Amino acid sequence: DAKTTQPPSMDCAEGRAANLPCNHSTISGNEYVYWYRQIHSQGPQYIIHGLKNNETNEMASLIITEDRKSSTLILPHATLRDTAVYYCIVRVARGNKLVFGAGTILRVKS
Amino acid sequence: EPEVTQTPSHQVTQMGQEVILRCVPISNHLYFYWYRQILGQKVEFLVSFYNNEISEKSEIFDDQFSVERPDGSNFTLKIRSTKLEDSAMYFCASSVRDEANTEAFFGQGTRLTVV
């Protein structure tokens with residue numbers, strides 16, 4: 001599985017956009033980029049995933065660079081409830097497990 | 001909104017005892033997983049399960065662990081003889097398909113404390 005690199009922590013002001021970067025320079029053409037988050041010790045929560053194109057859903061947007069070596073998760077209007085650990089995961093085309101790293105601790109502050 | 005349900009939320013057991021952690025996956029999902037997270041550490045994959053068989057397991061998933069789908073709705077993780085180091089959050093997950101383009105949804109976890 002391709003390895004991902006994320007900053008250990010980030011701060012964001014409430015109401016502002018939170019932009020969480022992820023590097024995955026060894027990603028293969030058939031591997032997807034997934035984002036999950038974990039609030040306290042709750043179960044990981046699925047946010048979004050993509051292959052090549054930018055994706056948007058009700059929670060967030062995912063911007064993947066053209067060379068696919070990095071991506072950015074955007075929470076457009078962060079709230080205090082978005083404080084969590086955010087995991088960027090590259091998932092192989094065959095095989096179904098998720099390999100979690102240390103993630104980025106996002107602190108949203110009022 | 002459909003969700004993965006896990007019971008109990010917290011289980012305390014004595015070392016050497018058997019425990020069974022229970023999960024009810026989302027109803028139309030066919031692929032089931034267990035992960036664990038020791039306090040302060042990463043979420044780790046344990047096992048995946050499909051069509052009443054283990055699809056993949058990690059090195060953590062040794063002979064002390066087993067999984068079962070005893071009926072049409074439950075998916076269980078059994079630890080035969082618990083050790084102190086089995087203390088962790090255990091998360092069940094499920095997905096519709098076994099494809100890279102298919103997200104898995106997690107339950108809220110069972111906190112297992114071995115004393």
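The values are calculated or read from the model by the stated rules, or taken from the named source; none is laboratory data. Model, not experiment: these values are computed from the prediction. For neighbour counting, all protein chains shown are included, and Cβ atoms are generated from backbone atoms with ideal geometry for every residue, glycine included.
Select from the stretch B:3-54 the residues that are free of Cβ contacts under 8 Å to residues at least 60 places away in the same chain and more than 14 Å from the chain's Cα centre (by Cα) and write down the one among them that is surrounded by the most Cβ atoms within 10 Å (Cβ to Cβ).
Of everything passing the filter in the stretch B:3-54, B:Lys42 is surrounded by the most Cβ atoms within 10 Å (Cβ to Cβ).
Go over the candidates A:Glu14, A:Glu66 one by one and state the one that is among the charged types (D, E, K, R) and in contact with a helix residue (DSSP H, G or I) (Cβ under 8 Å, 6 or more places away or on another chain).
None of the others qualify; the one that does is A:Glu14.
Output the residue which, of all residues in the stretch B:84-94 that are out of contact with any Lys or Arg (no Cβ under 9 Å at 6 or more places or on another chain) and surrounded by 14 or more Cβ atoms within 10 Å (Cβ to Cβ), is farthest from B:Asp62 (Cα to Cα).
B:Ser94
So, in the stretch B:22-57, how many residues would count as being more than 11 Å from chain A (Cβ to nearest Cβ), assigned to a strand (DSSP E or B) and among the aliphatic types (A, V, I, L, M)?
Adding up the residues that qualify gives 2.
State yes or no: is A:Gln6 out of contact with any His (no Cβ under 9 Å at 6 or more places or on another chain) and at the interface with chain B (Cβ under 10 Å from one of its Cβ atoms)?
So A:Gln6 fails the test.
Got a number for residues in the stretch A:57-110 being out of contact with any strand residue (DSSP E or B) (no Cβ under 6 Å at 6 or more places or on another chain) and small (Gly, Ala, Ser)?
Count: 5.
Quick check on the stretch B:95-109: of everything there that is at the interface with chain A (Cβ under 7 Å from one of its Cβ atoms) and hydrophobic (A, V, I, L, M, F, W, C), which residue is surrounded by the most Cβ atoms within 10 Å (Cβ to Cβ)?
B:Ala104
Output yes when any residue across the stretch A:38-50 is without any contact (Cβ under 8 Å) to a residue 60 or more places away in the chain and touching a Cys at 6+ places or on another chain (Cβ under 9 Å), and no when none is.
yes
Scan the stretch A:11-31 and tell me whether some residue there is in a strand (DSSP E or B), under 14 Å from B:Glu103 (Cα atoms) and at pLDDT below 95.
no
Considering only the stretch A:18-44, how many residues are within 11 Å of chain B (Cβ to nearest Cβ), hydroxyl-bearing (Ser, Thr, Tyr) and more than 13 Å from A:Ile89 (Cβ to Cβ)?
Qualifying residue count, the stretch A:18-44: 2.
Go through (1) surrounded by fewer than 18 Cβ atoms within 10 Å (Cβ to Cβ); (2) part of a strand (DSSP E or B) and name the single condition A:Ile47 misses.
Tallying (1) surrounded by fewer than 18 Cβ atoms within 10 Å (Cβ to Cβ); (2) part of a strand (DSSP E or B), A:Ile47 fails exactly one: (1).
Given the residues B:Ser73, B:Ser81, B:Ser66, which is the only one that is more than 26 Å from A:Ile89 (Cα to Cα), more than 14 Å from chain A (Cβ to nearest Cβ), among the hydroxyl-bearing types (Ser, Thr, Tyr) and in contact with a Lys or Arg (Cβ under 8 Å, 6 or more places away or on another chain)?
Among B:Ser73, B:Ser81, B:Ser66, only B:Ser66 is more than 26 Å from A:Ile89 (Cα to Cα), more than 14 Å from chain A (Cβ to nearest Cβ), among the hydroxyl-bearing types (Ser, Thr, Tyr) and in contact with a Lys or Arg (Cβ under 8 Å, 6 or more places away or on another chain).
Which of the residues spanning the stretch B:1-21 are more than 12 Å from every other protein chain (Cβ to nearest Cβ) and assigned to a strand (DSSP E or B)?
B:Thr7, B:Gln11, B:Val12, B:Thr13, B:Val19, B:Ile20, B:Leu21
Is there any pair with a first residue in the stretch B:70-97 that is touching a residue at least 60 places away in the same chain (Cβ under 8 Å) and a second that is basic (Lys, Arg) whose Cβ atoms are under 6 Å apart and which are 6 or more apart or on different chains, and what are they?
Within 6 Å, the pairs are B:Tyr90/B:Arg36.
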